[in-house]
1. Starting from the Cα of VAL52, move 7 Å in the Cα-to-Cβ direction to define the label point; list residues of region 95-117 whose amide nitrogen is under 11 Å from there.
2. Can you give the accessible area of ASP306 in Å² (nearest 10), computed on protein heavy atoms with a 1.4 Å probe?
3. Report the extension gain between GLU272 and ILE151 in nm, rounded to one decimal, defined as 0.36 nm multiplied by the number of residues separating them, less their alpha carbon distance.
4. Quick one: net charge of ALA96's neighbours, Cβ under 14 Å, K/R +1, D/E -1?
5. Going by accessible area, probe 1.4 Å, with all protein chains left in place, what is the ranking of MET24, MET304, largest first?
Amino acid sequence: MDRRGVAANAVVVGTAAAGSISIMITALVRAGLLPSGASESGGPWRLAEPLVLAGLVFVVVRWASPRTAVVSGSLAAAGSALWVQRYLPDGPALDAVFASAVWLIPSLAAGTVGWYLCWAGAERTRAIALARSEQRLRLALDLHDFVAHDISEIVARAQAGAAVLPLGDPRVAELLEQIEAAGLRALESMDQTVHALDDGPVRITRGGIDDLDELVRRFAAAGDVKAVVERRLTHDVDATIGAEAYRAVVEALTNVRRHAVGATSVTVALEEVADRLLVSIADDGAERSGTARRAAGGLGLAAMTDRARQLGGSVEVGPRPLRGWQVTVDLPLFRNADRGAIT
């Protein structure tokens, strides 16, 4: 047991002992075995005992475990309430009960303050633990969204090069440069995650609406897949909405590369419909197997759905009528009053 635990136990035992001794002295005085204090000269020193007992009630309620606080705190509060009986002359029992009730108030007040501070401290601890847990989850999702995409691109390029390029082909150098660029992007995302762990709630921020063309171009270049971006927008898109749209496309393209068997084309469509931004990612790959369906609907899409809901949007995922798979993200086009037309 550490020093703090030893000190807490000592306070609990001391509080229980002090309350028990005070109660015992009062009982002996009322039984006539000790002289009554009623005939003694008064003085503020008399108040020290009940006030000290009330202070001990505060300490044990604030710092001790609930069970031990109830036992030792009750003994101290009882001692504080009964203390006044030593100085009361014989009289109606109701007067004695009323006097003890009055002197119970300081202990009740001290216990209430101690309980509130204990509750507030526990709530603060829970809030910190929850914030840390949420931060870890956000970092995990950031790694999933960005690093997994870049690494899957590295794997796709390496596999394509090994399959079609003979040793000594001049295109090998170009392929290695592309693999290097994808690896550097993955490292950049990892660096941002490490900085987030060091500096606090920092999110990996990469990409927006204007970066989708480059993202899709790299995706197409990494494999034998035709990929295009179709835009039907008449207004600027809020930066936060654009960043979420970018992340949605990253996740969808990663799933296409991992799970869309035989996909030859992917279409990323951006459409403005009544102040809503519809982002759809459709491929023509074979229908996912059971394992691939579970993977496609796992951590990445679940996080995408949660983020879209926080922004007032939604996500729909499912097979296309004839062949392939489609992810549609519905987001608000505006998050403020600025609605500038695209020029």
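1. Output list for this probe position: empty.
2. That residue has around 80 Å² of solvent-accessible surface.
3. Values: separation 121, 0.36 × 121 = 43.56 nm, distance 3.19 nm.
Result: 40.4 nm gained on full extension.
4. For residues surrounding ALA96, the net value is 0.
5. So, going from the largest accessible area down, we get MET24, MET304.
The values are calculated or read from the model by the stated rules, or taken from the named source; none is laboratory data. The structure displayed is predicted, hence computed values, not measured ones. All Cβ positions, glycine included, derive from the backbone under ideal geometry; neighbour counts span all protein chains shown. SASA here: full protein model, heavy atoms, side chains in, ligands and nucleic acids out. Shrake-Rupley method; radii C 1.70, N 1.55, O 1.52, S 1.80 Å.
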